[in-house]
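Only one structure is covered here, and it is reproduced in the block below.
The values are calculated or read from the model by the stated rules, or taken from the named source; none is laboratory data. Model, not experiment: these values are computed from the prediction. Neighbour counts run over all protein chains shown; Cβ positions are idealised from the backbone, glycine included. We work out accessible area using only protein heavy atoms, side chains counted, and drop any ligands, DNA or RNA first. Shrake-Rupley method; radii C 1.70, N 1.55, O 1.52, S 1.80 Å.
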Amino acid sequence: MQILKTIESLQSALGGAANGTLGFVPTMGNLHAGHLSLVARARADHDLVVVSIFVNPLQFGANEDLDAYPRTLDADSAALIDAGCDVLFLPSAEELYGDDMLQSTRVQVPELGADYCGASRPGHFDGVTTVVAKLFNIVQPDAAYFGLKDYQQFSIIRKMVSDLAMPVALHGVDTVREASGLALSSRNGYLTPEQKSLAPLLYQTIKSIGEAIAAGEQDFKRLTQAGKQQLQEAGFQLDYLAIANAASLRTATKEDSHLVILVAAYLGSTRLIDNLRIFI
Ligand code: PAF
């Protein structure tokens, strides 16, 4: 695996590569089995696999600790070699944004980014779309792979790619879970043992809501209220729990047939998110 830190070295390595297709997995590092499932998909589908690790300052809010974000490059590199990654792109913030980051261009997808995580983390998705657009321009992949655990993020990136006619095939890959149902996340490492044993309730709650809807329940308001109450009583601090149209992310109505149940909640200071898509 080549490790390249500059745009120029990456582009000259990719330009010199034999013809074939390129699959790209953008990440912020601290890789777990969820990320590696994206790399495995890219490896199965493409001749060349590029993974980026870049802890993107633009997507961190003023109250979010960018410096505390876990950086585990040695373990990440070893895992990427095992997963068959060809090139690891590891740019610095200066390399991607120069010295005038605060004045530079932003890519915004306002329609899908206003609610849920967008409401709780102002500016977050503008940071995500800006860096992903830039990485797509640098790497010029045929396809890119994102985890569906960040369902709102995936929806926003899909809209950006479609609206701006970016020539990249997007793949959303199913969430990898622990046996308990807890979605894998870099943030799980912050949980105390007690919080860790409580955390699977997040998925259990949205799963029971999904089962109730599949069984014919149409009172979405009642279902969300009961789900919120269950989580709060167990010790979660709710950010949001919502049943939405899976395409528009607007609050679901009885007419919608493809739904997504979205949840974000804190255990102590750790914010966990999850979602469940259902067809009815
Ligand atoms: O999901 C992530 O890890 C990040 O938001 C992404 C897509 C790599 C952009 O920084």
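Mean residue ellipticity at 222 nm, helices only, the chain: -11500 deg cm²/dmol; runs of at least 4 DSSP H residues each add -39,500 (n - 2.57), and the sum is divided by the number of residues.
Rounded to the nearest 10 degrees, the inclination of helix 124-139 to the longest alpha-carbon principal axis of the chain is 30 degrees. Mean sequence separation of contacting Cα pairs (under 8 Å, at least six apart), scaled by the length of the chain, corresponds to a relative contact order of 17 percent.
The number of Lys pairs in the chain with C-alpha atoms less than 26 Å apart, excluding pairs fewer than 8 positions apart on the same chain, is 17. Exposed loop sites, defined as GluC sites (Glu not before Pro) outside DSSP H, G, I, E and B with at most 15 other Cβ atoms within 10 Å, are absent from the longest region of the chain, namely 65-177. Going by the alpha-carbon gyration tensor, a ≥ b ≥ c the square roots of its eigenvalues, is region 52-185 rounded (a/c under 1.5) or, if a/c is not under 1.5, prolate (a/b greater than b/c) versus oblate? Rounded, because the longest to shortest axis ratio a/c is under 1.5.
Quick one: among GLN140, GLN229, GLN152, which has the greatest mean-square fluctuation in a GNM of the chain with alpha-carbon springs under 10 angstrom? Comparing GLN140, GLN229, GLN152 in the GNM, the peak value goes to GLN229.
Charge dipole (Cα centre; +1 on Lys/Arg Cβ, -1 on Asp/Glu Cβ; no other charges) of region 139-194 amounts to roughly 80 debye.
For the chain, the solvent-accessible area works out to 47 Å² per residue, with a probe of 1.4 Å and every protein chain left in place.
In terms of the Cα gyration tensor, with a ≥ b ≥ c the square roots of its eigenvalues, is region 216-265 rounded because a/c is under 1.5, prolate because a/b exceeds b/c, or oblate? In terms of gyration-tensor shape, oblate. The share of alpha-carbon pairs in the chain lying farther apart than 26 Å comes to 45%. When only the Cβ of Lys, Arg, Asp and Glu is charged (+1, +1, -1, -1), the dipole of the chain relative to its Cα centre reaches about 620 debye.
Of all the accessible heavy-atom surface of region 26-87, with the other protein chains kept in place and a 1.4 Å probe, what percent is carbon and sulfur? Carbon-and-sulfur percentage of accessible area, whole number: 54.
Share of region 126-280's accessible area from carbon and sulfur, percent, 1.4 Å? Heavy-atom surface of region 126-280 belonging to carbon and sulfur, 1.4 Å probe: 48 percent. One decimal place: the segment ARG222-ASN245 gains 6.6 nm when fully extended, by the rule 0.36 nm per residue minus the C-alpha distance. All Cα-Cα distances of region 1-52, cut into 5 Å bins from zero to the largest, leave 5, 19, 27, 25, 17, 7, 1 percent in each bin in turn. Accessible area per residue (1.4 Å probe, heavy atoms of protein chains only) ranks MET101, MET160 as MET101, MET160, with the largest value leading.
For the pair region 78-129 / region 204-233, the C-alpha centres are spaced 33 Å from each other. Here the label points at SER120 and ASP82, each 7 Å from Cα along the C-beta direction, are separated by 3.1 nm in the simple model.
Of all DSSP beta bridges in the chain, what percent run antiparallel (nearest 5)?
Details: 20 of 39 bridges.
Roughly 50 percent of the beta bridges in the chain run antiparallel, per DSSP.
When the alpha carbon gyration tensor of region 65-114 is reduced to an equivalent ellipsoid, the three semi-axes, largest first, read 28, 16, 14 Å. If you take the square roots of the eigenvalues of the alpha-carbon gyration tensor of region 142-280 and sort them as a ≥ b ≥ c, do you get rounded (a/c under 1.5), prolate (a/b over b/c) or oblate? Note, shape of region 142-280 comes out oblate. Under a 5 Å amide H cut-off, with hydrogens placed 1.01 Å from N, ILE3 pairs with LEU88 among residues at least 5 apart or on other chains. In loop segments of region 70-164 as defined by DSSP, the trypsin sites (Lys or Arg not before Pro) with at most 11 further C-beta atoms inside 10 Å of their C-beta are ARG106.
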